[in-house]
Amino acid sequence: MALADLLAPDAVIPALKANSKKQLLQELASKAAQITGLTEREIFEVILQRERLGSTGVGNGIAIPHGKLTTLPGIVGVFARLDQPIDFEALDDQPVDLVFLLLAPEGAGADHLKALSRIARVLRDQDTVAKLRASDQASAIYTFLTQDEASNAA
Amino acid sequence: MMLEAMYLVILIGTLLVLISAFSSLLAFRFGAPLLLLFLCIGLAAGVDGLGINFSNASAAYFIGSLALAIILFDSGFGTSIQSFRQAAAPAIALATIGVVLTTLFFALAARFVFDFGWLEALLFGAIVGSTDAAAVFFLLRIGGINIRDKVRSTLEIESSSNDPMAIFLTITLVQLIANGTPLSEMGVDLLISFGLQMGVGLLAGFIGGMIIVSLVNRLNLERGLTPIFVIALSLLVFSATGVAGGSGFLAVYVAGLYAGNRQIRSAPTLKRFQDGMTWLAQILMFLLLGLLATPSQFPAIAVPAIAMAVFLIFIARPLAVWLTLLPFDYKREETAFVSWVGLRGAVSILLAILPLLGNLENATTFFNAAFIIVLVSLIVQGWTINPLARRLGLVVPARIGPVDKVELELPGTALHELLAYRVVPDSPVATGERIPRWARPSLVIRDGKSMRYQYAGRLQAGDYVYLFISSRYPRLLDRLFASPLPVQSDDAEFFGEFSIDPQRPAKDLHAAYDIGLAKDELELSIDALLTKRLGGKAEFGDRVVLKNVEIIVRDVDDQGRITSAGLSLDPDSNRPNIPVFLSAREIAAHLRQRVKRRQPPPKTPLGPPPSSLAPATDSTDDQEPQPAPGEKQSASD
């Protein structure tokens, strides 16, 4: 499962401005709505529902919100780099500034989890994360996220 | 002349002890089993090395027994009743049934390898039947790793309570052989004598513990005398029980366990003193046993002895542990680890002196072979415990960061103590968390000036805070003063990538990850679901596989409720799949499956070897893989 398969170049938001976790999730949902043609509302509901189960902030300023939607044709990702870190109720209480949203169709099962695990692994790499933080160009960010794939693929 | 000899003996003795103490520096650095070093120093100084000729077996046995009593008292004293409760049943099963089984299996092989009679083979088995408390404690604690509570407690309690069993068996067998009584005539007497030894030992231990606690708390002894008083009392318990026909070793352990878990005056001083005494006892015991041995006799017996050591490590102990732990539902990696940490040590060598004292025919063979077995066990198992624990996923990341704390003893009361914490940067108190009232923060020292807590305002890094507190303070306080733990990649692997609120309903989790729940389980909270799957009791670090994800217990409160949980996306992908050590539940599930698949049900052999029951992982046999509960085919990507 390569990140290039689930993240389109235009699904990267290089310098998102958000003041709260809720606003951030809304922005992500709206971007995802543009890509998938679903409504922002239903996407937002699904990821909010997942956040109620526990924050998807994984520490070190990174969050990976995710959820499943019945009408989605395939696995879709949106990546955002925030201008200013915001509180995401993460486990280590660090404010979050790198966010990867992952949406999967209802029947995706193991693929959904594999994709999530892949994203978590890429974003655990200190070098990649430093590069992502240092850049505010969508194309550069897209390259960092997907090129790491080529060198790291097992 | 007399005086000169005395000085010489003391000089040599102290030098040896000093060298041993000094070698601990090396041991910590290289992770070598320290006790092995002590033993080797004794060997090197002995008759075949520097030439110290010490061959007084009865003196060695006498001093060794005293040392063992001191060690056992301290290990009881240091065992908290919580960890005792957690692991008492399996540990005591291992300490009794386990020792007997190990002895039997070992004897079966020894009979043929050494051409012994049955009684002699059994005696040999009993000599190496128990695990060594000193070695187990040292290697589980000092390695700088945190082994899972349940497994650690099981091993520690097993190792400190199985000596009485092995000692009883050995003494009984030596007497039988010396008197020439056949085993068949002894049956009932043996049981009675066993019951008497252990019964009197237990009872005397309890009473002794009570006496120790009440005397220490009641008498206003000189502070410096208290630890001496306690040690002397413990030896009194040991010897009086022995005189009364009970097991002194069991009594002294029980007395320690009792005293260590009561409010006892100057407990910190006692702990420190006993810690020192235990070190001294260990050094003396290993040095002396090393001195007593004659390594030039080893080669003659090395091959069969090493063969027996290998048999003990790889077959007798694992088989005995597996059978003993069957009813306790241990996970395979836990059983594997428990059977690997079957370190033999000083007690085995000590017991090997008994045949010498009883003038048995093959006494030297017993002693030398036991010595070699201990060496092999310390080298092979002692050196591999840490890596194995990591590989099996039994190492728990530290729960809180380092704490800078001093405990001060207060005169006149057993119930309170004064704690001094240094405030470390970014600890919860330094970032504005308040100290609870019950902790009675009394004094703050900042930049060398003292002030009352009420006027100190927000605590700053570098402050010292003095708290006057009941000596049973909860962990919470440490947590408040701990430096933050950075989230490490290891932690993500251990705790899972995402956090899950255990109070939420399980059906939300099911909706998000499709975890294959049964209908009735959908109604539960996640906490209840996990607790149910874990068999009623959740412990920090427990893992539950739910279809494609794994939920990990990140924290449990005092009532055993899960307060925090994590979700891992690739369950057990890096865990080794151990083909043996199935628990009774797994075997039952496996048999059910077999019966279901083939109608009419095939005859299931009784007590089949464990390997034949394992899911076919790397065998060529084309059976469908059968996922046993709690086990998932490792998914590689």
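The values are calculated or read from the model by the stated rules, or taken from the named source; none is laboratory data. Keep in mind that what you see is a predicted model, and the values were worked out from it rather than measured. So basically every Cβ, Gly included, is an ideal-geometry build from the backbone, and we count neighbours across all protein chains shown. The accessibility values were calculated without ligands, DNA or RNA, using every heavy atom of the protein model including side chains. Shrake-Rupley method; radii C 1.70, N 1.55, O 1.52, S 1.80 Å.
Residue-wise test of (1) closer than 30 Å to B:GLY242 by Cβ; (2) in contact with a Leu (Cβ under 9 Å, 6 or more places away or on another chain); (3) part of a loop (DSSP other than H, G, I, E, B).
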position: B:PHE22; (1), (2), (3): no, no, no
position: B:ALA59; (1), (2), (3): yes, yes, no
position: B:LEU66; (1), (2), (3): yes, yes, no
position: B:ILE70; (1), (2), (3): yes, yes, no
position: B:ARG85; (1), (2), (3): yes, no, no
position: B:ALA88; (1), (2), (3): yes, no, no
position: B:PHE106; (1), (2), (3): yes, yes, no
Margin query: For region B:229-240, give me each residue that is among the hydrophobic types (A, V, I, L, M, F, W, C) and buried (at least 24 other Cβ atoms within 10 Å of the Cβ).
Written below: B:VAL230, B:VAL237, B:PHE238
Notebook entry, point to check: When only residues in region B:39-76 that are of a type in the set (Val, Ile, Thr) and open to solvent by less than 40 Å² (accessible area, probe 1.4 Å) count, which is farthest from the chain's Cα centre (by Cα)?
Noted result: B:ILE41
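A quick yes/no check of all residues on (1) open to solvent by 20 Å² or more (accessible area, probe 1.4 Å); (2) under 24 Å from B:GLY42 (Cα atoms); (3) part of a helix (DSSP H, G or I):
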site: B:ARG265; (1), (2), (3): yes, no, no
site: B:ARG272; (1), (2), (3): yes, no, yes
site: B:SER296; (1), (2), (3): yes, yes, yes
site: B:THR324; (1), (2), (3): no, no, yes
Next item on the list: Would you check if there is a residue in region A:94-106 being within 14 Å of chain B (Cβ to nearest Cβ), assigned to a helix (DSSP H, G or I) and in contact (Cβ under 8 Å) with a residue 24 or more places away in the chain?
Entry: yes
Margin query: Given the condition in contact with a His (Cβ under 9 Å, 6 or more places away or on another chain), in a helix (DSSP H, G or I), under 25 Å from A:PHE144 (Cβ atoms) and within 14 Å of chain B (Cβ to nearest Cβ), answer yes or no: does some residue in region A:58-68 qualify?
Written below: no
Check: Scanning region B:280-294 for residues that are part of a helix (DSSP H, G or I) and among the small types (Gly, Ala, Ser), which turns out farthest from B:LEU72 (Cα to Cα)?
Finding: B:GLY290
Margin query: Which condition from (1) hydrophobic (A, V, I, L, M, F, W, C); (2) within 13 Å of chain B (Cβ to nearest Cβ); (3) crowded, with 17+ Cβ neighbours inside 10 Å is the one that A:VAL78 breaks?
Written below: (2)
Notebook entry, point to check: Do we find a residue being over 24 Å from B:LEU326 (Cα atoms), part of a helix (DSSP H, G or I), open to solvent by 40 Å² or more (accessible area, probe 1.4 Å) and at pLDDT below 75 anywhere in region B:582-597?
Noted result: yes
Notebook entry, point to check: Can we say B:VAL243 is more than 23 Å from B:ILE385 (Cβ to Cβ) and open to solvent by less than 20 Å² (accessible area, probe 1.4 Å)?
Noted result: no
Check: Counting just the residues of region B:149-180 that are in contact with a Gly (Cβ under 6 Å, 6 or more places away or on another chain) and open to solvent by 10 Å² or more (accessible area, probe 1.4 Å), which one comes out modelled with the highest pLDDT?
Finding: B:VAL174
Next item on the list: Tell me which of these B:ASP508 doesn't satisfy, since it passes every other one: (1) within 11 Å of another protein chain (Cβ to nearest Cβ); (2) at pLDDT below 80.
Entry: (2)
Check: Under 6 Å by Cβ, and 6 or more places apart or on different chains, what pairs join a residue from region B:61-85 that is in contact (Cβ under 8 Å) with a residue 40 or more places away in the chain and among the hydroxyl-bearing types (Ser, Thr, Tyr) with one that is open to solvent by less than 10 Å² (accessible area, probe 1.4 Å) and in a helix (DSSP H, G or I)?
Finding: B:TYR61/B:ILE353; B:SER75/B:ALA133; B:SER75/B:SER160; B:SER83/B:SER153
Margin query: I need the full set of residues from region B:422-444 which are touching a residue at least 40 places away in the same chain (Cβ under 8 Å) and under 11 Å from B:ILE469 (Cβ atoms), in order please.
Written below: B:ILE435, B:PRO436
Notebook entry, point to check: Looking at this structure, is A:ILE43 crowded, with 20+ Cβ neighbours inside 10 Å and assigned to a helix (DSSP H, G or I)?
Noted result: yes
Checklist line | Pairs where the first residue, in region B:465-478, is more than 25 Å from B:VAL556 (Cβ to Cβ) and the second is modelled with pLDDT under 70 and surrounded by 13 or more Cβ atoms within 10 Å (Cβ to Cβ), C-beta under 8 Å, 6+ apart | finding: B:PHE468/B:HIS416
Note to self: Can you tell me which residue is nearest to the chain's Cα centre (by Cα) among those in region B:532-557 that are open to solvent by 20 Å² or more (accessible area, probe 1.4 Å) and farther than 16 Å from B:LYS150 by Cα?
What the structure shows: B:ASP557
Item checked: B:ILE147 hydrophobic (A, V, I, L, M, F, W, C) and in contact with a Ser or Thr (Cβ under 8 Å, 6 or more places away or on another chain) -> no
Margin query: Condition check: hydrophobic (A, V, I, L, M, F, W, C), without any contact (Cβ under 8 Å) to a residue 60 or more places away in the chain and away from chain B (no Cβ under 14 Å). Does A:ALA130 satisfy that?
Written below: yes
Notebook entry, point to check: Any idea which of A:PRO65, A:PRO95 is surrounded by 22 or more Cβ atoms within 10 Å (Cβ to Cβ), of a type outside the set (Gly, Ala, Ser) and in contact with an Asp or Glu (Cβ under 9 Å, 6 or more places away or on another chain)?
Noted result: A:PRO65
